[in-house]
């Protein structure tokens, strides 16, 4: 069985849909951040897959794009985790529905 660009695009769309559903349905901040990482990994799968199906005629730009995207994803998770920890310290809850108002 040959794997082509359409397979990578379908896998990327499935990952994006799972991540979007997880972000929309989770009430815990950490679970929402985990779903957000799945959501942001969908373009990485697509970029790496499209770079692999280029047959070496072009420079491996998709791999470099995937590396930078993963670095940005790690930075986003660190900042999001820090914000979630600070919100938990201020409000003593991890429920996203209860964090509708932030007092300065």
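In region 1-46, the residue that is surrounded by the fewest Cβ atoms within 10 Å (Cβ to Cβ) out of those that are assigned to a helix (DSSP H, G or I) and at pLDDT below 80 is 30. Of note, residue 50 satisfies the criterion of being without any contact (Cβ under 8 Å) to a residue 60 or more places away in the chain and more than 30 Å from residue 91 (Cβ to Cβ).
The values are calculated or read from the model by the stated rules, or taken from the named source; none is laboratory data. All figures in this text were calculated on a predicted structure; none of them were measured in a lab. We place every Cβ from the backbone using ideal geometry, glycine too, and count neighbours over all the protein chains shown.
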